[in-house]
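All of the numbers you see were taken from the coordinates with simple rules; none came from a lab. As the structure is a computational prediction, the values presented were derived from the model and not from experiment. Note: ideal-geometry Cβ built from the backbone for every residue, glycine included; neighbour counts use all protein chains shown.
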Ligand SMILES: Nc1ncnc2c1ncn2[C@@H]1O[C@H](COP(=O)(O)OP(=O)(O)OP(=O)(O)O)[C@@H](O)[C@H]1O
Ligand SMILES: [Mg+2]
């Protein structure tokens, strides 16, 4: 019965219109929209990756081999199993045009390439025509970035290794670009046949071959994978198929998306404060109605239900607006996003992320409105006869507290589950909650301090400041909602700012002057002596280090499958560089065991990087089996040594005695330390002398990484700005809600003789105090969050970044000031007689 | 009548209401002498409050001249009016109009502070004590009864020893006994500071305590009063 009555009351109250709920709806809708939009974009990309899995991979399945082509037997198996096979070889090299040279990731293809999708060229032409070349020269197509850097145009000649090519077109779109992960240089595509004379595919050089297979419909990819495993030698072979064409990329997209959803949840929390304030203001206004209803015999339950129904209706409306926005904005921006994205994306209305956003919105609304709703119960009929301004703080009855806590657990739990980033979600939630509490304490402290300061004898006579302090500290103060909403928004921004600046400085700092200028790969055995002489004789080269290098996969530890023993350690993921050396390399410190004697020629021995060995649980005397170019070598661990991977110098996890590896075909790597001014000349000199070697500029590589990080930081900053925007709406809501009270106050003050300047200053001081309080907490909390991320996630040392901190405090003060003053105009302009008469 | 403190000359007030322009005051000419207590009576809606607001510079006349203590209020800007009020006028309203975010003491001290008086709080305390509210100084308006609130409002209006006290039905929201004591306090203030008092009231016994009473009917002075004023 009470439900029916409640619904009737709710309907009558809502008939009055939604004018008072603009802030409520805006906060909720914005929060839901942000989450829905991020989720929709993520889902669009994931759907695209899934649907285009074969295109991205380049085939229904791919068999990847390292440093070798498939044997005749292997190729025969593939031709037999698949309806079509395409062979691709992929390696790093230098593209050379006269004096200019640039690092490039070369792809050698056969006539069958691409099995799926098309290569887009400028000028438009079929790939086969482009690769056929002209005037007897083989053709090449190249990423426009590199074309511009080399100052060439289609028709010009270029060299890769010892082989000359003619540039036929710019490469606009490579269908399988995302599948290979992030290459080190811009792409060049040539025909593999044309590489025969380049000297780049010699035994021991670093290249990969990928055999893309196309199958008929209805193929069981799992069974085919098993068949390949049985038929082909397992070592050095990697199987991938379209079920997950670009595992690296899709994981990255999923992570970044999940992280942005977390930022969106922070925005929803900020919006929640606005929602809560709106409900509180609404119910305060309804005190008389509630008291009257109670006088007329309405039960507490009926009244609670009546207002709960109203809030539920409004919540539904807010979520619906948010979902529409969150679904439509990505659709509207789809062409723009697609142009920026090197990935296929299928933009559509994806129900999954929308449902997720709706769930968060509903939970957040419930959490933030239950408390103020509970106050509706506590209104006594006597309130009709007393001023409500000084309503005492009262805890709601315990069931409300329990339900609020439960809802919070459900919200955090579902976010953790749905984002797949459990730890990060829990930590973020804990951080947000802590920031919330600190801000609550700060709001409380601001009020108390202001109230006390207003009483201070020192301030007597400084009427404007005292009045401002008095109203910040007095009953009906806006401190709570303003400090909380703005503070939380600024906290998220401050944290992002601190993390971003620390990330940047970590890159700059951890790349000290001791990092080499160039990393050189593919130095052949017979080139090594001459290479070293040339490099060392150069006056501007301070140091050259070199080491032989092979690559291999650790397959077994003490006769057991390696992963079964040491788990999913990064050392076991894919192949690792392996070196050999008669004596411990200079600078390396043997921490345990002994290095083999210089003339040792017994059973293979290995020295393992100490930290990684400890993580993997290896001890001296353990046997590890390494597959090098298809051959298994079992070696005993006889020493551990410290290896520093952070300086970009030469560092190997595995170093063996020379006798164990010397026989295998291999190349050498080198690091060159030189003046930055000499780098360009060195690149030309060494490149010209040794056409087959590849010089990787460390500075370039780092810039690429830094550029990628900057992109991520930008995405996160946009997320944080959305949070701040919600904070602003809450702020404006608070300022607007307080306008009537301020108008009244201004009228009285004018009656008592205050000029408009005095009143304006009074309002400005108040706003500045709120902004300052919010800004200070934001900087402190953001600093702590920044420290936690830098310390625990990035494993790097934290340095407080003052510029963004100062900007945030100033921004906080300026924002509250603007919002406060924006809503001061009407109070100041109103004529006292009109205002006072209206509230007679 | 020599040296009027308040002098109204053909004062008119029209306001734009929902139903178009309303003529609220239609040409009022009236002088109030120094130290005089003037009662303003008339039916509800006749324009008493509006007239009082005009005298206090809280409303701007749309015609005629309002002059107070020799200053032409109609020619003064809003801030000038505020400064003028802080030194010369105290206003008391039917519904008190205390600032809810200030304690009783702060409410009373505010006009003095605005005037830049050094010992604002001591004087405010003394004024509150004179109203019998010494022990209520730290209370917020919502913590005070109606009578107490009106006594705070009286203290606030009187604390700067104004030349003119304007009171708009100051007992209208109070019961008889409380109203009586408020009225005693108000007349006491007038006597103590020698202020001129203009009092809007519905109560005949209060009107009887005034030196002179004018009747307002439909925005104009009643015939007899108009004749008196013209003398
Ligand atoms: N802003 C306004 N716009 C239009 N009309 C107004 C406005 N303010 C007041 N009035 C009208 O002006 C007239 C005079 O109002 P006023 O408050 O001066 O009367 P009053 O004599 O004080 O009445 P009461 O005894 O009820 O207090 C009333 O009819 C009122 O409705
Ligand atoms: Mg009136």
Checklist outcome for this item: Computed on Cα atoms only, the convex hull of the protein assembly as shown has an orientation-averaged projected area in nm² of 56.6
Next on the checklist: Ranking request for peptides A:65-73, A:219-227, B:41-49, A:604-612: highest mean number of other beta-carbon atoms within 10 Å first, then the rest in descending order.
Outcome noted: A:604-612, B:41-49, A:65-73, A:219-227
Checklist entry - Distance in nm between label sites at residue A:378 and residue A:8, each 7 Å beyond Cα in the beta-carbon direction? => result 3.0
Checklist entry - Taking the Cα atoms only, what angle lies between the long axis of helix A:2-14 and the longest principal axis of chain A, rounded to 10 degrees? => result 90
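Work out, step by step, the length gained on full extension between residue A:118 and residue A:529: first 0.36 nm times the residue separation, then minus their alpha carbon distance; give nm to one decimal. Each step should come with its number before you reach the end.
On the way: separation 411, 0.36 × 411 = 147.96 nm, distance 4.49 nm.
Gain in length upon complete extension: 143.5 nm.
Give me the inter-chain shielding for A:465-475: mean count of other chain Cβ atoms within 10 Å, whole number please. Let's see the in-between values first.
Values: counts 0, 7, 7, 0, 0, 7, 4, 1, 1, 7, 7.
Averaged over the peptide's residues, the number is 4.
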Next on the checklist: Relative contact order of segment A:541-674, please, whole-number percent, based on alpha carbon pairs below 8 angstrom and at least 6 residues apart.
Outcome noted: 38
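Arranged from highest to lowest average of other beta-carbon atoms within 10 Å per residue, in what order do the peptides A:533-539, A:477-483, B:18-24, B:107-113 appear? Write out the running numbers ahead of the final one.
Details: A:533-539: 13.6, A:477-483: 25.6, B:18-24: 10.9, B:107-113: 27.9.
By packing density, highest mean first, the sequence is B:107-113, A:477-483, A:533-539, B:18-24.
Which percent, to the nearest 5, of DSSP beta bridges fully inside the protein assembly as shown are antiparallel?
On the way: 100 of 136 bridges.
In the protein assembly as shown, DSSP labels about 75 percent of beta bridges as antiparallel.
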Next on the checklist: What value in Å³ per residue do you get for the convex hull of the alpha-carbon atoms in segment B:143-210?
Outcome noted: 76
Item to check | Residues residue B:87 and residue B:122, FRET efficiency given R0 of 25 Å [Cβ-Cβ distance, rounded to 0.05] | outcome: 0.85
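Taking the number of other C-beta atoms within 10 Å as the exposure measure, put A:410, A:521 in order starting with the fewest. Mind dumping the intermediate values first?
Details: A:410 14, A:521 19.
In order of increasing Cβ crowding within 10 Å: A:410, A:521.
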Item to check | Inter-probe distance in nm under a simple model that places probes 7 Å from Cα toward Cβ, at residue A:568 and residue A:18 | outcome: 4.5
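What is the diffusion coefficient of segment A:94-152 in µm²/s, taking the Kirkwood radius over Cα pairs and the Stokes-Einstein relation at 20 °C with a viscosity of 1.002 mPa s?
Details: Rh = 12.9 Å.
Estimated diffusion coefficient is 167 µm²/s.
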Item to check | Compactness index (Cα Rg / 2.2 N^0.38 Å), segment A:7-53 | outcome: 1.96
Checklist entry - Gain in length, residue A:81 to residue A:134, computed as 0.36 nm per residue apart minus the alpha-carbon separation, to one decimal in nm? => result 15.5 nm
Item to check | Taking A:338, A:107 and counting other C-beta atoms within 10 Å, the order from fewest to most | outcome: A:338, A:107
Item to check | Most to least packed among A:309-317, A:752-760 [average Cβ atoms within 10 Å] | outcome: A:752-760, A:309-317
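In percent, what relative contact order does segment B:4-230 have, based on Cα pairs under 8 Å that are 6 or more apart in sequence? If you can, show how the numbers build up before the last one.
Values: 424 pairs, mean separation 65.3, N = 227.
Normalised by residue count, the contact order of segment B:4-230 is 29 percent.
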Checklist outcome for this item: Proxy exposure order for B:193, A:580, A:307 (fewest C-beta within 10 Å first) is B:193, A:580, A:307
Checklist entry - Once you treat every alpha carbon in segment A:61-214 as an equal point and sum by Debye, what is log10 I(q)/I(0) at q = 0.12, 0.18, 0.20 Å⁻¹? => result -0.48, -1.08, -1.33
Item to check | chain A, relative contact order in percent, only Cα pairs under 8 angstrom and at least six apart counted | outcome: 17
Checklist entry - In nm, to one decimal, how far is the residue A:208 label point from the residue A:537 one, both placed 7 Å along Cα→Cβ? => result 3.8
Next on the checklist: With every atom except the alpha carbons ignored, what do you get for Rg and Dmax of segment B:4-230, in angstroms?
Outcome noted: 17.3, 50
Next on the checklist: Suppose R0 equals 25 Å. What FRET efficiency, 1/(1 + (r/R0)^6) with r the Cβ-Cβ distance, do residue A:623 and residue A:589 give to the nearest 0.05?
Outcome noted: 0.55
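Taking all pairs of different Cα atoms in segment B:72-188, averaging 1/r and flipping that mean, what Kirkwood radius in angstroms comes out? Don't skip to the answer; put the middle values down first.
Details: mean 1/r = 0.0697 Å⁻¹.
One over the average 1/r among Cα pairs gives 14.3 Å for segment B:72-188.
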Checklist entry - By how many degrees, between 0 and 90 and to the nearest 10, does the Cα long axis of helix A:528-537 differ from the longest principal axis of chain A? => result 60
Next on the checklist: At R0 = 60 Å, how high is the FRET efficiency between residue A:71 and residue A:398 if r is their beta carbon distance? Nearest 0.05 is fine.
Outcome noted: 0.20
Checklist entry - For the Cα atoms of chain A, what angle does the longest principal axis make with the long axis of helix A:756-788, in degrees from 0 to 90, nearest 10? => result 30
